[in-house]
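> This is the structure I want to talk about, given as structure tokens.
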Amino acid sequence: MIANGTDIYYLIDSILKPRGFVRKKDTYYLHTLECICFFSIGKSPFGGHYDHVMGCFVKAIMKEKNEFPKYYKSHLKFNIADIAGKEVVKKVFDLENKEFVKDERERAIRNLIENYLIPFLDDISSVTKILKAIKKYGDLKYYVVSDLQDYLGITVE
């Protein structure tokens, strides 16, 4: 049963590390040939909720060549809630929400990671895949920074 942030990180480590992710503080990184994909999670200063973001850096246009760049400088950011639903995700990552019993929260987090996070990060793991992902996830185009828009040759209206 997840009781605190340490438990959340332990669960996420057990899912992502075997898939090649490396954790640096609150952020998990996966390097591909063209991109650095990430998932960052951290406790909100406003309660027991854990905020999170996922996205990528395109290596060809990175200004700072850093193996583990700060997620807030990424070329593309999205949220699991944008795919899986805001209410569900908010409940699952809110440790003050006591409606979960036994291992229900762990199963829900595992489901979100395995069925939404990992497939999404795979969908943005190369330039070609990012172009397809922008079509697949309708609102994603609004979360692409201008440097990446220029590199991909796309416009956001």
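> Out of (1) open to solvent by 30 Å² or more (accessible area, probe 1.4 Å); (2) under 17 Å from Met62 (Cβ atoms); (3) under 14 Å from the mean Cα position of the chain (by Cα), what's the single condition that is false for Ile118?
Of (1) open to solvent by 30 Å² or more (accessible area, probe 1.4 Å); (2) under 17 Å from Met62 (Cβ atoms); (3) under 14 Å from the mean Cα position of the chain (by Cα), only one is false for Ile118: (2).
> Could you check Asp139 against (1) modelled with pLDDT of 95 or more; (2) assigned to a helix (DSSP H, G or I) and say which number it fails?
(1)
> Give me a count of the residues in the range 20-38 that are part of a strand (DSSP E or B), open to solvent by less than 70 Å² (accessible area, probe 1.4 Å) and of a type outside the set (A, V, I, L, M).
Adding up the residues that qualify gives 6.
> How many residues are small (Gly, Ala, Ser) and outside any strand (DSSP E or B) if we restrict to the range 41-69?
4
> Can you go through Ser126, Ser44, Ser74 and tell me which one is farther than 18 Å from Tyr9 by Cα and over 13 Å from the mean Cα position of the chain (by Cα)?
Of Ser126, Ser44, Ser74, the one residue that is farther than 18 Å from Tyr9 by Cα and over 13 Å from the mean Cα position of the chain (by Cα) is Ser126.
The values are calculated or read from the model by the stated rules, or taken from the named source; none is laboratory data. Computed from a prediction, not measured in an experiment: that's the story for all the values here. Backbone-built Cβ (ideal geometry, glycine too); neighbour counts: all protein chains shown. Calculation scope for accessible area: heavy atoms of the full protein, side chains included, ligands and nucleic acids excluded. Shrake-Rupley method; radii C 1.70, N 1.55, O 1.52, S 1.80 Å.
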